[in-house]
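Take a look at the structure set out below.
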């Protein structure tokens, strides 16, 4: 059960001595909790993604995520603790009960933690600060980024691991949906592949001739070469996937699709471009394509 506490709420748009919030982000100090050990700072945020930054963490911080959504409710919440996250444990609140998500000292800066929302209730993230060994306030800063995701096939694994996707090749229906709904759609080739056993992921470097869509700046445009007369790929970027997918460098042109989470691209469907063209043209002729895709 939640302890006997006093909630000190930071309302959206309120500028005060202990907090500052906008629709998506919050930054504040735990000094207020030093007045009364029962005080819990409470923050309400209205976006599907954003950040929380807590300076001089004291006692507890309760973050309520209540985005204004006109579409279906986002069923999965993921948080990525900041590299400086020390001195607090993270809980999720379910029907007034606290469930441990991240333990203080777990060194979670290289991980993403996800959980399902509690039915019709707003997702709540509860940070409980740890007592300082010397009893003296020090300038600790902790925080995290958060994302609310739809309950979809590309949703991450709900364990304590990095965001994950499936290694299974996409069927034609999934491929046609991917080019319409993915965060990024890129045509290019694999330049190199590196592996990270600690994260159980592989990092695919992609040289892209065309970026059809991207939600953020994962793929960056490269300056034209003045020493070569041959056309070169004008975009470069990196895509993560599971180590168990055994991705290897290979010749040929692919259509890379997938989702973006916390500034990283995660691989979804990635057929060879010529295979995609065959599937798309057949669907277009039968009027089964989910959206129009530029063919060039």
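No lab work stands behind these numbers, since they all come straight from the coordinates. Everything numeric in this text was worked out from a predicted model, so none of it was measured. Heads up, the Cβs are rebuilt from the backbone with ideal geometry, glycines too, and the neighbour counts pull from every protein chain shown.
Translational diffusion coefficient of region 172-285 (Stokes-Einstein, Kirkwood radius from Cα pairs, 20 °C, 1.002 mPa s): 146 µm²/s.
Put a dot 7 Å past the Cα of residue 192, heading toward its Cβ, do the same for residue 284, and the two dots end up 3.6 nm apart. Legend: ranking of residues 248, 80 from fewest to most surrounding C-beta atoms inside 10 Å; resulting order 248, 80. Peptides 122-130, 286-294 ranked from most to least packed, by the mean per-residue count of other Cβ atoms within 10 Å: 122-130, 286-294. Summarising the label geometry, the points placed 7 Å from Cα in the beta-carbon direction at residue 94 and residue 236 lie 4.5 nm from one another. Once the Cβ-Cβ distance of residue 213 and residue 244 is raised to the sixth power relative to R0 = 30 Å, the FRET efficiency obtained is 0.60.
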